[in-house]
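Remarks on the structure that follows.
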Amino acid sequence: MNVALIFVVPLCAADCLVAQHFNLLSLCQSDKGIFGCAKSGSKRILLPIWAVRCVLAIAIGARLVMVLAMEPEPIRFSEHPIRAKDIDSDALRVLARLSDYGFYAYLVGGSVRDLLLGRKPKDFDVATSAQPDEIKRLFRRCRLIGRRFRLAHIIGDKGQIIETATFRAKPEDCGEAQLITDDNNFGTPRTDALRRDFTVNALFYDAQRQEVIDYVDGLEDLDNRLLRTIGDPVIRFREDPVRMMRAVKFAARLDFELEPSLRAAVVSQRAELGKAAVARLYEEILRLLNGGAAAESILLMDELRLLEVLIPEVSATLARADDEQYERIFNLLNTYDDVIAKGKKIPNGILLAGILWPVVESVLAELSSEIRPVQARELIEEITRPFAVRLSVPRRAMETALAVMESQLRFDRIRRKRNARSGFARTSHYAQSVCFAELRAQSGQLTDTEIEAWASLAQEFPPPPLFEKRTRGRRGHGRQRQRRGRQRR
Ligand code: ATP
Ligand code: MG
């Protein structure tokens, strides 16, 4: 009875719709009833309606079997390490509510990857069959964002954002250039998994059934600690060149190997970075520097020749550096990583100084005469201007980077006079300059006398906190920045 229903009910509608749609069969009416009309060359063959139904039943049945066969076997609770206690309780509430209202809803992306690796996820993203307006109706603290692809930001109890997006489909073919400019088609869980960048980033977690769903063999790559693109890496990087930087970020941060064809594609497609939005490139550079694996990221960027495209001044400095200078550069970045591993945050300007300072030092070392402290600022600006212009670095961050680097060159003069010290302590970048000096000290760049001088200055004029408490107005900027970074995904 059930089987009959499955085939017969959709048949009546399907024989009209599907047959006419595909133009393989058309329906015609005669005084003897309705006939199916198949075309074979110039001949027309009339089929009784039951024969049309049989053909369609077979077609629909085959399609059903195909769809069912394509669904991967879920990985059950006992076979994976994800436990509810490790998942943000608000994210769980979002998943439960969507599911209670009959929608599919999964935890997706980096959170599933990190939970499977036993790491603490940075954030929890949700993908669902609910459309943006439906999501908005279900959650009180929810706002819809995004122009190209509308998605929901649901605010959790601790102020954290649970990004909730409708399943997406792979964007339309974008022609020769392959750069994706339109990314707003709704899709199914499978299409949503396939449009993601790397296999390990495309795992889904069904919190209701406590099962992991793997459409792309991501679990195997996760076990082998291998980063692999979903599909041909050359095409995926042409679609979105920022994925090359994401590859570096994940390989460095998670200590994964790059799958050989991915590695080759990064090298061959590196010039495509020129087609990406600079705001995204800048955001991605910051993520490389503050992700806790800055040293490894810069090393890998250099090895894959992405550095020569994005920050050629740093790759040239590395190429010129002797062993001692090379060690000095990476010691500083390793110090950044140690500090970040302790849960501390480093302001963007100081992050930038971490890669620009070695460039400045290397140019200064090549100058035939000593520069006067008053010339320091001008020289640093000249050296770093191409970088700031190329990546449209926001003025605020660049100002900080310039000021903290200048302070290192002028400190010897500043520390000698009380007036100069108190004047320096009143400047808007005093705290950042002290912080940068501390990072340099920790990495072994300062002499004991210099360390002492900075420490006594900090004692004499205690620096204010590096991060001001957020006010309502400034939070708005934060949101804008976040949107800028997430624009194209
Ligand atoms: P992180 O731990 O840094 O947050 P993540 O993997 O969660 O890492 P996000 O930038 O938060 O990275 O993106 C969430 C998910 O969205 C990714 O895991 C990936 O599945 C998908 N994604 C992000 N950017 C892209 C992109 N450029 N192309 C395809 N998929 C992407
Ligand atoms: Mg994330």
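Readers should treat all values here as calculations from the given coordinates under stated rules, not as data from a laboratory. Bear in mind that the values here come from a model prediction, so they are computed numbers and not experimental data. Note that we place each Cβ from the backbone using ideal geometry, even for glycine, and neighbour counts take in every protein chain shown.
Some notes on this structure:
- When peptides 103-116, 445-458 are ranked by their average number of other Cβ atoms within 10 Å per residue, the highest-first order is 103-116, 445-458.
- Here r is the Cβ-Cβ distance between Lys417 and Ser369 and R0 is 30 Å; the resulting FRET efficiency, rounded to 0.05, is 0.75.
- Rel. contact order, % - alpha carbon contacts under 8 angstrom, at least six apart, the range 311-479: 26
- Working ranking of peptides 123-131, 317-325 by packing, defined as the average number of other Cβ atoms within 10 Å per residue, highest first, is 123-131, 317-325.
- Neighbour cut-off at most 13 other Cβ (10 Å), DSSP loop, GluC sites (Glu not before Pro), the range 338-431: Glu370
- When each of the peptides 235-245, 434-444 is scored by how many other beta carbons lie within 10 Å of its residues on average, the order from highest to lowest is 235-245, 434-444.
- Three-way shape call for the range 220-303 based on the alpha-carbon gyration tensor, with the a/c threshold at 1.5: oblate
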